[in-house]
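Beneath this line is the structure, given in structure tokens, with notes to follow.
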Amino acid sequence: MGWIGKLLNGGDEKNKPAPVTEAAPEMALQPATITEIDAIYYRWLAAAGSAQAPAEAEQQILDELARLAREPIAGAALVPRIPAIIPQLMRTLQDENMSAAKLSAQLAQDVLLVAEVYREANRPCYQSRYNASPSINNMEGAIMLLGQNGMRMLLARVAFRPIVSMQSGGLTVRTAPLIWRQSEKCALAASLVAPTMHANAFDAYLAGLMANVGLVVAFRLIDQMHAPDAFPQSDAFIAQVFAQARILSVRIAELWEFPQSVTRAIGQVGVDANADADPQAQALALGERLSKLRMLADSGHFPADDPFVTTGLGKSALQAFDKLADDDE
């Protein structure tokens, strides 16, 4: 039989049984990298279209973001500074023997903060947890109900809300409330997992809120600089945006005299935090991962039990992930 017959019919080998092929061993699922998660999160956050901006346009945005990281005063000018009363209140809350009366007097200087404290103390979760009276209408009572840690977290949220809710162009209008939600979830998740990593829960909470300040600036730049018919969304661009935004967050945090433990944690969270990183950085890295996955799951991008979401998460991380779905109840 010629070569054509062998090609078509298998030649002399055609009547031999097919060799038994061993089944390939099942590959163990590997956790998604933060780079992969960031790319999906960025495109969902911005509702990115299909038209890709040219590389030169992407580089111009990255160059401007890098300039702001080198000149943090200019970068900080794009976001409002936290209210002046907040650092004073935070110092009072650092005192383990703080006086509810003293804190109440300080809070009275800002009517919006007073309203926030009352609103928080009257949330159903606090009322049911502590069998509180139907309505808390006394400031010292509200402070005692929330406790030292609850007050710290409340003030941190109030302080950062105007930073991430600034609105300018259409992209910023869309992303601002989503960034704020993820910031809150990141802060909560980081504080929940911090004890398992021997990290300070409140510092982890502050780092979670502060870590997105540079991203707010980045989206404002993208809003101002991208052409309406093409959107910057290449994988390389997205990775650089998150990296440069993180550097800018550190610079602004230093400018605002945040604790060194907070600025160090933000700076140490790399593409994939390793086991040698500072415990605060490990808590923040896990908080960022859980919060972004939670946002994607809650938006219907993935089922909450999808392997992309759950692979590599330990028991405490999964518990924190579940908690993020109910953090505003």
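Points to keep in mind about this one:
- Amide H to amide H distances under 5 Å link F231 with A51, Q52, A53, where only residues 5 or more positions off or on other chains count and H is placed in the peptide plane.
- Put I266, I247 in order of accessible area, highest first, and with a 1.4 Å probe you get I247, I266.
- With contacts taken as Cα pairs under 8 Å and at least 6 residues apart, the stretch 177-329 reaches a relative contact order of 31 percent.
- Heavy-atom accessible area for D110, with the other protein chains in place and a 1.4 Å probe, reaches approximately 40 Å².
- Two-site FRET efficiency, S234 against H198, from Cβ-Cβ distance with R₀ of 51 Å, rounded to 0.05: 0.85
- The HN-Hα couplings worked out from phi for the stretch 231-242 by the Karplus form 6.51 cos²θ - 1.76 cosθ + 1.60 (θ = phi - 60°) are 10, x, 8, 5, 4, 5, 5, 4, 4, 6, 4, 5 Hz, whole numbers, x standing for Gly and Pro.
- Scoring 298-304, 99-105, 146-152 by mean Cβ neighbours within 10 Å over their residues and listing the highest first yields 146-152, 99-105, 298-304.
- L29/L255 FRET efficiency (R0 45 Å; Cβ-Cβ; nearest 0.05): 0.60
- Surface composition of the stretch 212-329: carbon plus sulfur atoms contribute 48% of the solvent-accessible area (1.4 Å probe, protein chains only, all chains present).
- Förster radius 51 Å - calculated FRET efficiency between K315 and N138, Cβ distance, rounded to 0.05: 0.80
- Computed accessible area, W256, all protein chains, 1.4 angstrom probe, square angstrom: 20
The values are calculated or read from the model by the stated rules, or taken from the named source; none is laboratory data. Here the structure is a predicted model, which is why all the values come from computation and not from measurement. Note that we place each Cβ from the backbone using ideal geometry, even for glycine, and neighbour counts take in every protein chain shown. Just the protein is used for accessible areas: all its heavy atoms, side chains included, with ligands, DNA and RNA removed. Shrake-Rupley method; radii C 1.70, N 1.55, O 1.52, S 1.80 Å.
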